[in-house]
1. Within segment B:28-42, track down each residue that is farther than 14 Å from residue A:346 by Cα and open to solvent by 30 Å² or more (accessible area, probe 1.4 Å).
2. Considering only segment A:339-364, how many residues are open to solvent by less than 40 Å² (accessible area, probe 1.4 Å) and either assigned to a loop (DSSP other than H, G, I, E, B) or acidic (Asp, Glu) (or both)?
3. Looking only at residues that are under 13 Å from residue B:133 (Cβ atoms) and part of a strand (DSSP E or B) in segment B:26-40, which one is farthest from the other protein chains (Cβ to nearest Cβ)?
4. Looking only at segment A:372-391, decide whether some residue is of a type in the set (A, V, I, L, M, F, W, C) and over 30 Å from residue A:295 (Cβ atoms).
5. Look through B:8, B:43 and report the one residue that is away from the ligand (no atom under 12 Å from the Cβ), in contact with an Asp or Glu (Cβ under 9 Å, 6 or more places away or on another chain) and β-branched (Val, Ile, Thr).
6. Based on this model, can you work out whether residue A:299 counts as open to solvent by 10 Å² or more (accessible area, probe 1.4 Å) and either assigned to a loop (DSSP other than H, G, I, E, B) or in contact with a Phe, Trp or Tyr (Cβ under 7 Å, 6 or more places away or on another chain) (or both)?
7. Within segment B:56-99, restricting attention to residues that are within 25 Å of residue A:351 (Cα to Cα), more than 14 Å from chain A (Cβ to nearest Cβ) and not in a helix (DSSP H, G or I), which residue is farthest from the ligand (Cβ to nearest atom)?
8. Could you look through segment A:314-351, keep only residues that are among the hydrophobic types (A, V, I, L, M, F, W, C) and within 16 Å of the ligand (Cβ to nearest atom), and pick out the one that is nearest to the other protein chains (Cβ to nearest Cβ)?
Amino acid sequence: MINKEEIVKDFPILDRKVNGKKLVYFDNAATTQKPLSVINAISDYYKIYNANPHRGAHTLSVEATEAYEQTRNKVAKFINARSEQEIIFTKNTTEALNLVAYSYVNNNLTSDDEITICITEHHSNLIPWQQIAIRKGAKINYMYVDSDGILSVDEIKNKITDKTKVVCIAHVTNTFGIVNPVEEIVSIAHEKGAIVVIDGAQSTPHMKIDVQKLDADFFAFSGHKMLAPMGVGVLYGKKELLKNMTPFLYGGDMIEYVSEQTTTFAELPFKFEAGTQNVEAVVGLSSAIDYIEKIGYEYIEEQERELTEYALEKLNQIDDVIIYGSKNIENKVGVISFNVKDVHPHDTATILDRYGIAIRSGHHCAQPFMKHLDLNSTCRISFYFYNTKEEIDIFIDAIKKVRGHMGYGTK
Amino acid sequence: MELNDLYTDIILEHSQNSYNKKVIENADITELGHNPSCGDEITLQIKFDGDIIKNIAYTGHGCAISQASASIMIDNIKGKTKKEALDEVELFLKMIKKEITDDNELEKLNDAIAFKNISNMPARVKCAVLAWHTLKESMEK
Ligand SMILES: [Zn+2]
């Protein structure tokens, strides 16, 4: 039995006060907080074995190399990749997706081809494809969702055509937290001979990922949304695809032989990791994976489901709150988009901040989607396993005061 | 900064259904201002009579701060010359940066003094200055 109080204690920041109130952190879809074990792992790296990996013969460099490569191994097991050669460290999900855009799609797309993406995509899984399509004169095919944010199988079948070469889809949407039917998408895309790129930034923190079961051709996620530091992301790619791709960045550490006129490149995965990497973040990611595996996805999913159900129920009881997106807990993670009637989300966020509550407001880097739903912006709360029902109660009390602060009813 | 000092009656009044929020037919200048980070959008429309700002209004959407600031600015500069309006923009921006704190000097800004302490809420400064920057852009073209 996992003790929630002990879990909360693992996160020192949750103890701080904001504007004189206890911090309630509900912006986990933007970035999660870090447990002490991750903070200590980074600190130990600098205290004990900081060196440039893959370079020197000295002990520190060997230890740094070991820590770096062991993490690669750990990540491969964590998402069930066939080999650690399929794991490339990047800066974040955005860089991972750009790597695929430049090193794969750029070389394999003609003006007759199409790229299929979903209207709900985060800008990071939209702009790279849109810009490649513009350069190549190719077409972007959008899969549209209903007003709840749900993507239907019919729509998938309509938009993945014989011309589709690449399909890009978020595993979980960052706006409404909807779990997309990625397995259907992969099977339909593969039937048509298209490859599938899955943006796992919002899924990997919350559910067990098995890239083999998903049969994804590429899968990307960020460390900082799952307890690890900012500055490390992961690109998984099928080995046979990665092998034939050109490097993304050129420089040190990614070469085999360099002469005046030519260079041969290092083998996988090193050909995609040019220059000195963010070892402290990789070390932090290793510790973050340990933490997640220690408490287990079963616990994470159970906690988030309880919190989401509770929050939805409480928010539903407030007449002046409009909730967006499907409320079906079966295909949703702990993300809720909403607005307080007559109040701009930016003002709601400012008011909640005065009560120590951190939420996100705005278009959530998904402008085409917001436009599709005729929304300008929304408030978004997003949970992680360390959040509590007591925090939701504090949040609900504050939400009830928002309209008062804006001059509606009594102040 | 307390919420009551931010969402003052003046700001709330101007942010809700302002009489300055409308479309002007045959405007001489139409200028869109936008805060990409928070999504505030304001379109200023200005009609001149020679050098005088004869009529000015705005349309758009955004938070109470951005909308109120636009409405208050319009009250301030309607009927003034371009030069007077631009001077007022400079004065407002200096007040926001706390470069001018003398109340006598700031008196010219009328209701816009309500934004004097917005820099205590750094996340909202962009909202407060949006309309003023947009006006400056539009007239310096
Ligand atoms: Zn704003």
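The values are calculated or read from the model by the stated rules, or taken from the named source; none is laboratory data. Nothing here was measured: the structure is a model prediction, and the numbers come from that model. A quick note on method: Cβ atoms are made from the backbone with ideal geometry, for glycine too, and the neighbour counts reach across all protein chains shown. Each accessible area value is taken on the protein alone, full model and side chains, heavy atoms only, with ligands, DNA and RNA left out. Shrake-Rupley method; radii C 1.70, N 1.55, O 1.52, S 1.80 Å.
1. Kept after step one, since they are farther than 14 Å from residue A:346 by Cα, are these residues of segment B:28-42: B:28-34, B:42.
Those that are farther than 14 Å from residue A:346 by Cα and open to solvent by 30 Å² or more (accessible area, probe 1.4 Å): B:28, B:29, B:30, B:32, B:34.
2. Quick first cut of segment A:339-364, residues open to solvent by less than 40 Å² (accessible area, probe 1.4 Å) only: A:339-340, A:343-352, A:356-359, A:361-364.
Going one step further and asking which of them are either assigned to a loop (DSSP other than H, G, I, E, B) or acidic (Asp, Glu) (or both), we end up with A:343-344, A:347, A:356, A:359, A:363-364.
Here the count works out to 7.
3. B:31
4. Kept after step one, since they are of a type in the set (A, V, I, L, M, F, W, C), are these residues of segment A:372-391: A:373, A:375, A:379, A:381, A:383, A:385.
Filter once more, keeping what is over 30 Å from residue A:295 (Cβ atoms): A:373, A:375.
The answer is yes, given that some residue of segment A:372-391 is of a type in the set (A, V, I, L, M, F, W, C) and over 30 Å from residue A:295 (Cβ atoms).
5. Values: B:8 fails: in contact with an Asp or Glu (Cβ under 9 Å, 6 or more places away or on another chain).
None of the other options fit; the residue is B:43.
6. Values: open to solvent by 10 Å² or more (accessible area, probe 1.4 Å): yes; either assigned to a loop (DSSP other than H, G, I, E, B) or in contact with a Phe, Trp or Tyr (Cβ under 7 Å, 6 or more places away or on another chain) (or both): yes.
Considered against the rule, which asks whether it is open to solvent by 10 Å² or more (accessible area, probe 1.4 Å) and either assigned to a loop (DSSP other than H, G, I, E, B) or in contact with a Phe, Trp or Tyr (Cβ under 7 Å, 6 or more places away or on another chain) (or both), residue A:299 comes out as yes.
7. Looking at the filtered set, the residue picked out is B:98.
8. Taking segment A:314-351 first, the residues among the hydrophobic types (A, V, I, L, M, F, W, C) are A:315, A:318, A:321-323, A:329, A:333, A:335-336, A:338, A:340, A:343, A:349, A:351.
Next, only the ones that are within 16 Å of the ligand (Cβ to nearest atom) stay: A:340, A:343, A:349, A:351.
On the way: A:340: 12, A:343: 8, A:349: 8, A:351: 6 Å.
Here the answer is A:351.
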